[in-house]
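The values are calculated or read from the model by the stated rules, or taken from the named source; none is laboratory data. Predicted model only: the values in this text are computed from it and were never measured. Backbone-built Cβ (ideal geometry, glycine too); neighbour counts: all protein chains shown. In case anyone asks, the SASA skips ligands and DNA or RNA and just uses the protein heavy atoms, side chains included. Shrake-Rupley method; radii C 1.70, N 1.55, O 1.52, S 1.80 Å.
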Amino acid sequence: MQVNVDAPLVILLVFVLGGLVWLSKWIGSVNEHKSTVAEFMKEIRADIKRIFRRLPSKTLAQESPIRLTPLGEEIAKALDAPTWAERQAGSLRGRVAGKAPYRVQDVAFEFARYEYRPDEQFEIKLEAVAYTNGVTKEEVLDVLAIALRDELAGPEAAFDNPETS
């Protein structure tokens, strides 16, 4: 018995199957490239964030100990930061008892940036002050952190004005 096979049909079938194999390999390489690019973009984003964190703050002077800039002082006044710090300090005194000034500062920044949850009215005020002064909300929270640090450290801490100490 002889099977009648049409040669052009076989050739076409071989080309179609070969094309499908090539296409599936090409799609696989594109997907692999896409995931590599996605990982690279994540790394770039992380690097950019690190760079922005190193930029000088508009509200904090880059000296030791950290102090408020004139803009930071204005923001502190607008928010009545010392009164805010007095209200917050009670719950934090146990965490800073006996700690060195740097550790007190760490606790104050950690609290202001990550733990503190303002009520809706104060949240609106924080955002309005940030917007009005052309700073980020994080820079406004840094102002509160300095006020809290000063409240927690007390008058005998090394945060007092160095000219008068």
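Structure data summary
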read-out: Karplus-derived 3J(HN,Hα), 6.51/-1.76/1.60, for each residue of the stretch 134-145, Hz, glycine and proline x; value: x, 10, 7, 4, 4, 5, 5, 5, 5, 4, 4, 4
read-out: Accessible carbon and sulfur surface of the stretch 1-130 relative to its total accessible area, %, 1.4 Å; value: 61 percent
read-out: Approximate spin-label separation E120-K34, in nm, with each point projected 7 Å along Cα-to-Cβ; value: 4.2 nm
read-out: Where only alpha carbons of the stretch 1-78 are counted, the Rg and the Dmax (Å); value: 31.8, 102
read-out: Distance between modelled label sites at K99 and I27, nm, 7 Å Cα→Cβ extension; value: 5.6 nm
read-out: Where only alpha carbons of the chain are counted, the Rg and the Dmax (Å); value: 30.5, 112
read-out: Residue (of A61, V107, A128) at the positive-pole extreme of the chain, dipole from beta-carbon charges; value: V107
read-out: Accessible area per residue in Å² at 1.4 Å probe, computed on the stretch 55-165; value: 59 Å²
